[in-house]
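*Asks:* I have a structure here, written as structure tokens, and I will follow up with some questions on it.
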Amino acid sequence: MKDALIKAAGFIVTFLLAAFLIGRYVNRGSDDMTVDMAQASLPVVTIVLADNSVNTLHGYKNPVDLKRFRGSLTPLTKDRALNIHVSRYGAEISSLYYEVRSLDGERLIEQTEIGSFTAENDQINAVFQVKDLIETKKEYSLCLVLKDINGQELRYYTRMIYDPDFHAEEMASFVRDFTIRTFNKESAKSIASYLESDETGDNTSYAHVNIHSSFGQITWGNLSPRLLTGIDTTILEMDSRSASFLQQYEVEAGPEDLRCQYEIKEYFRIRYSEERKYLLEFERTMNEIFTADRDHFINDKIMLGIHDPKVPLKENAEGNVLAFVLNGALYCYRQSDARVVRIFSFTDEDNRDERSKYGEHDIRVLSVDEGGNIRFLVYGYMNRGRHEGEVCACVYYYDRSFNTIEEEICIPYGGSYQLFRHDLELLSYSDRDNHFYLYVDGAVYRVKLNTRQAERIADGIEMEDIVSSKSGRTAAWVNRPHQTGTAGIGTESGTGESTITLMDLEFGQSRVLEAGEGSMFTPIGFVGEDFVYGISGTEDLVPTATGAVQVAMHTIMIESREGEVLKEYNGNGAYISDVTIEGSTIHLSRVSRSEETGKLEQVEDDQIMSGSEEGSDKNVIVIATTENRENITEIQLTGTVATDSLQLLTPKEVLFEGGRQADLEGRSAGGGIDLGRICFVYAKGRVPEALLKPSEAISAADRESGVVVYDAGKYIWRKGVRDPEHMVAGIQTAADAVLERGETGTEACLDTIFALEGLPVLSGPMLSEGGTAYTVLSDSLEGLVLDLEGCSLDEVLYYVGRDIPVLASAGDVSFLIVGYDSKNISVLDPEEGNIHKIGLNDSRELFAEYGNGFISYLASDPN
């Protein structure tokens, strides 16, 4: 009897194990059900400017939403011509045409077939002339369409501008020549005068150098680089006086016994004059290309070499399985069996052309389990494979047992990778029950991975109103009363009661924090999984120096996921105007209300020490100093690598029939928010910020050397495009007419603006009825009125350079800034009754003392 039971038990165990393995085999694939990722197949288009090729364009299989797409900038020649070069890569192209549209895509201006082109070997060359239907100095969207012999249309997008005063060829040649000269120290002596080497330059690492680095650092020290590829040049911004470029290429460099290959990115901002060119900014990043061979593993470290130390890492609970992202590829190191797995990469030994290496995508590791299985997200432009030529987000599952990856869901996106990335960095998480959470287009979604059913769990969420913890497990978003997307640009998101949804995404549990009558919440961030937020009330809506309304927080709360209040900070008699979190320390910028003016004034900063801390990883990034390569980056592992048995694995992809697209419920571009209100900061080919307040966006763009755009590409502000000196045209006539009426103060400044714009408007009655300078301008001008409080004087002079005066307040005194030169600004001073000059330094100090209260405006079509 006992033997029979043992046999029966053994049979059951064997049966269950076999069923489990068969199920896994069926669900996760086998050698007969897997395949390598398909090679890239789409052609590539480049723009030819005289002797330079610029703006490599990659094909899209579907039309993009131009309201959410920006791209490179292509200048036309003086006769409105454009020279394009098509690398077919074997594709059979039957015809070409182009479309010119407004930047938002709403207005089709021209659609013309390119009837004349030459095809030789695998190349197509064409020159065409855009019709005289476009305005000078105005940007448009240009779409080049290639139609193959099967009728499929491939679309290639760039912004386009016509300005006969441009010097595009000269500036493009300058940045290319600069790069080439850095490879030879003797030749590089001719560019030394462009550098601004000083003590602010970091000369300890080749991974990042800039215009302030030493001559030796910029000329690669003793690395002796050799160019391996062509130099890919992208025009980011350009006007008649200045331009910014991004250049990318690969080199081989290093000491003779340690030659490695590197990815290089260079950013240039230059100004053109007839006498010479000025290098305003230069940055270079250098990242070693990781090959995962044994030389990269020494003792208990993974040697990344010269590389940016900000490498995404994610490990399992034990720390013996580590996933990391390098050079746009996902790797995994397993301590237990000394295996390195290149889990996902568009590039490999057989795929390293300009299509496979295109960098408009990213990878985020969602989870690493104890068995070494990994779930991850690939999002952005897909270089090759099933979704080649699409912008989408795909969740994949890596199965260690079968060494396969399988696509679980695909979420298409109609805009650019940069905007998609900004949304997904705010929230993207996968829980233990196979749900995937994401924030996109103003809404929060939960997608079931095995059924691809999507549920919208919140919408109308502004980008500034959602935060998540570093792990991604906990998220919080504000539910504001209006949630209609109809407020004006730069205004507060809501001034009524609000609630916060705090959600533990791992278990799908959420709770709502009620602000109470007349109160509002401001989400700040997380310390570990503890939520930090601010509280303000209707009594805290105080006028700024410009007359606009500012919400000041009176309390900062730290609350656990379960609802326990861990700390409460009441401001000690001051309001909190800004909060930053650094580790377990919360830094507070504070202001207090002036008894004399009722406005807010800066007071001493404060800080809160939280009892919580971010979880500590077992595998960490460390920096080591070397003799020949300066500082290098390493991953410190939990144990020693068995290099003798180390192997590199490359998984295959599981085949499946049909598609795995997840349609997001009720999705629309904007998700209940008005994207036209958002100020997007574009800098160095990225979108580092998306903010509601123009003043904050301008300050960010100034730091990042970028631009601020809104409403599908209309400029709010641009770095470094103003003339050395300027006086607003017609300002004296307008000012004289107002001053003759005896007007003073803010009234005189506002009415001068109205006179300049040709409007029969008087501000006096509106001001006497309680209006402020901001509200009077908003109610009277057709364009966009900008509250620029907090911007520097130098930043707001951008508007003066565009023939737009700037209203400035200094306590109870108002000025209208109407001109500037290298040493002074010119102001209309109603109290003195004239236009006179004030020294630049004195002006900076004067306006800063009163909070830099500035207001300006833009025309209805600022471009």
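*Asks:* For the range 250-296, what is the Kirkwood estimate of the hydrodynamic radius, computed as the reciprocal of the mean inverse distance between distinct Cα atoms, to one decimal in Å? Working shown, then result.
*Replies:* Working: mean 1/r = 0.0751 Å⁻¹.
After inverting the pairwise mean of 1/r, the radius is 13.3 Å.
*Asks:* Still on this structure, please answer the following. Roughly how far apart, in whole Å, are the Cα centres of the range 561-625 and the range 321-367?
*Replies:* Cα centroid to Cα centroid, the span is 37 Å.
*Asks:* Just the Cα atoms of the chain: what Rg and Dmax do they give in Å?
*Replies:* Calculated on Cα positions, Rg and Dmax stand at 29.4, 117 Å.
*Asks:* Around residue 834, which amide H atoms from residues at least 5 apart in sequence, or from another chain, sit under 5 Å from its own amide H, with H modelled in the peptide plane?
*Replies:* Correct list: 829.
*Asks:* Could you work out what % of the accessible surface of the chain is carbon and sulfur, using a 1.4 angstrom probe and leaving DNA, RNA and ligands out of the count? Mind showing how you got there, number by number?
*Replies:* On the way: 16870 of 36600 Å².
The C+S portion of the solvent-accessible surface of the chain is 46 percent.
*Asks:* What whole-number volume per residue, in cubic angstrom, does the convex hull of the C-alpha atoms of the range 142-206 give?
*Replies:* Details: hull volume 14.4 nm³, N = 65.
Once divided by residue count, the hull of the range 142-206 is 222 Å³.
*Asks:* Please give the FRET efficiency for residue 119 paired with residue 39, using the beta carbon to beta carbon distance and R0 = 22 Å, rounded to the nearest 0.05.
*Replies:* Working: r = 22 Å, r/R0 = 1.01.
So the FRET efficiency works out to roughly 0.50.
*Asks:* State the extension gain, in nm to one decimal, for the chain segment bounded by residue 401 and residue 511, taking 0.36 nm per residue of separation less the distance between their alpha-carbons.
*Replies:* Working: separation 110, 0.36 × 110 = 39.60 nm, distance 3.87 nm.
Additional length available on full extension: 35.7 nm.
*Asks:* What's the ranking of 498-507, 581-590 by average number of surrounding C-beta atoms within 10 Å, highest first?
*Replies:* Values: 498-507: 19.7, 581-590: 15.8.
By packing density, highest mean first, the sequence is 498-507, 581-590.
*Asks:* Additional query: With each pseudo-label sitting 7 Å past Cα toward Cβ, what's the residue 127-residue 227 distance in nm, one decimal?
*Replies:* 2.5 nm
*Asks:* Another one. Along its three principal axes, how long is the range 196-305 when you only count alpha carbons? Whole Å, largest extent first please.
*Replies:* Cα extents, longest axis first: 56, 31, 22 Å.
*Asks:* What FRET efficiency would be calculated for the residue pair residue 605, residue 779, taking the C-beta separation as r and a Förster radius of 35 Å, to the nearest 0.05?
*Replies:* Details: r = 37 Å, r/R0 = 1.06.
Using R0 = 35 Å, I get an efficiency of 0.40.
*Asks:* Let me ask something additional. Once you have the Cα-Cα distance between residue 822 and residue 199, take 0.36 nm times their residue separation minus that, and quote the gain in nm to one decimal.
*Replies:* Contour length minus the Cα-Cα distance gives 221.7 nm.
*Asks:* Pop a pseudo-label 7 angstrom from the Cα along the beta-carbon direction at both residue 565 and residue 624 and give the gap in nm to one decimal.
*Replies:* 5.1 nm
*Asks:* First measure r as the distance between the Cβ atoms of residue 504 and residue 450, then evaluate 1/(1 + (r/R0)^6) with R0 = 25 Å and state the FRET efficiency to the nearest 0.05. Intermediate values should be presented prior to the final figure.
*Replies:* Details: r = 21 Å, r/R0 = 0.85.
The calculated FRET efficiency here is 0.70.
*Asks:* Please give the length that would be gained between residue 190 and residue 655 if that part of the chain were fully extended, namely 0.36 nm times their separation in residues minus their C-alpha to C-alpha distance (nm, one decimal).
*Replies:* On the way: separation 465, 0.36 × 465 = 167.40 nm, distance 5.64 nm.
Taking residue 190 through residue 655 to full extension adds about 161.8 nm, to one decimal.
*Asks:* Let me ask another. Over the chain, with the other protein chains present, what is the accessible area per residue in square angstrom, probe 1.4 angstrom?
*Replies:* Values: 36600 Å² over 863 residues.
Heavy-atom SASA per residue in the chain reads 42 Å².
*Asks:* Between residue 582 and residue 737, with labels modelled 7 Å along Cα→Cβ, what's the label distance in nm to one decimal, could you check?
*Replies:* 5.3 nm
*Asks:* Less than 16 Å from a label point 7 Å out along the Cα-to-Cβ axis of residue 348: which backbone N atoms in the range 356-373 qualify, by residue?
*Replies:* In the range 356-373, the label zone of residue 348 (backbone N under 16 Å from the point 7 Å along Cα→Cβ) covers 356-357.
*Asks:* Calculate the all-directions average of the projected area of the range 682-722's alpha-carbon convex hull, and give it in nm².
*Replies:* Values: hull surface 11.1 nm².
Mean projected area of the Cα convex hull: 2.8 nm².
*Asks:* Please compute the Cα-Cα pair-distance distribution of the range 78-237 with 5 Å bins starting at 0, giving whole percents from short to long.
*Replies:* Cα pair-distance distribution for the range 78-237, in percent: 1, 7, 13, 14, 14, 11, 10, 10, 10, 7, 2, 0, 0.
The values are calculated or read from the model by the stated rules, or taken from the named source; none is laboratory data. Please read these numbers as outputs of a predicted model, since none were measured by experiment. Here Cβ is always computed from backbone atoms with ideal geometry, including for glycine, and neighbour counts include all displayed protein chains. Each accessible area value is taken on the protein alone, full model and side chains, heavy atoms only, with ligands, DNA and RNA left out. Shrake-Rupley method; radii C 1.70, N 1.55, O 1.52, S 1.80 Å.
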